[in-house]
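Some notes on the structure that comes next.
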Amino acid sequence: MRKTFPLTQEGRHPDRVLEAVKHEIRKYLKRERRRDLPEGVDFLDFDCRCGASKDTAEVVHLSALMGILDAVAKAGATEAYVEVLAKPGVRQARPPGTSAKEEHPAQLTDVPDHTAPAPQDPAA
């Protein structure tokens, strides 16, 4: 999808127009993810660009797309350019000898599980 969305509309609040744009993008993503995957493809990945115009659009990650749209709207732009292109994705195997638990910070043993302050002695 390559589209320039108007962010202002006569008789509609700008926040509602922005929500309608986000809804259309989410609907497109949902429709693309429902398609059958080609042979040898594990998932669909998306290349995204977003900005106030086609010339100023920057490459962004899919998870940051809605935040960038919010920033464009808050900057006072009257339109937003959004480009979302589906591409095949293949999962990469982890290198031998590594596990997800070793790399995740929540699984580290040197970090305390509970950070609440110690109870105070009432006799003091």
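What follows is calculated from the coordinates using simple rules that are stated; it is not laboratory data. As the structure is a computational prediction, the values presented were derived from the model and not from experiment. Positions of Cβ are backbone-derived with ideal geometry, glycine not excepted, and every protein chain shown enters the neighbour counts.
For residue 7, which sequence-distant residues (separation of 5 or more, or a different chain) have an amide H within less than 5 Å of its own amide H, given hydrogens modelled in the peptide plane?
79, 80
Any chance you could run the full-extension gain for residue 87 through residue 43? It's 0.36 nm times the residue separation minus the Cα-Cα distance, nm to one decimal.
15.0 nm
Among the lysines, which have Cα under 25 Å from the Cα of residue 3 when same-chain residues fewer than 8 positions away are ignored?
Reachable lysines: 22, 27, 30, 54, 74, 87.
If R₀ is 25 angstrom, what is the calculated FRET efficiency for the pair residue 8 and residue 63, using the beta carbon separation as r and rounding to 0.05? Could the numbers behind the result be given before it?
On the way: r = 27 Å, r/R0 = 1.06.
After rounding to 0.05, the efficiency reads 0.40.
Select from the range 1-84 those GluC sites (Glu not before Pro) which occupy a DSSP coil region and have at most 12 other Cβ atoms within 10 Å, ordered by residue number.
When the GluC sites (Glu not before Pro) of the range 1-84 are filtered for loop state and at most 12 Cβ neighbours within 10 Å, 10, 39 remain.
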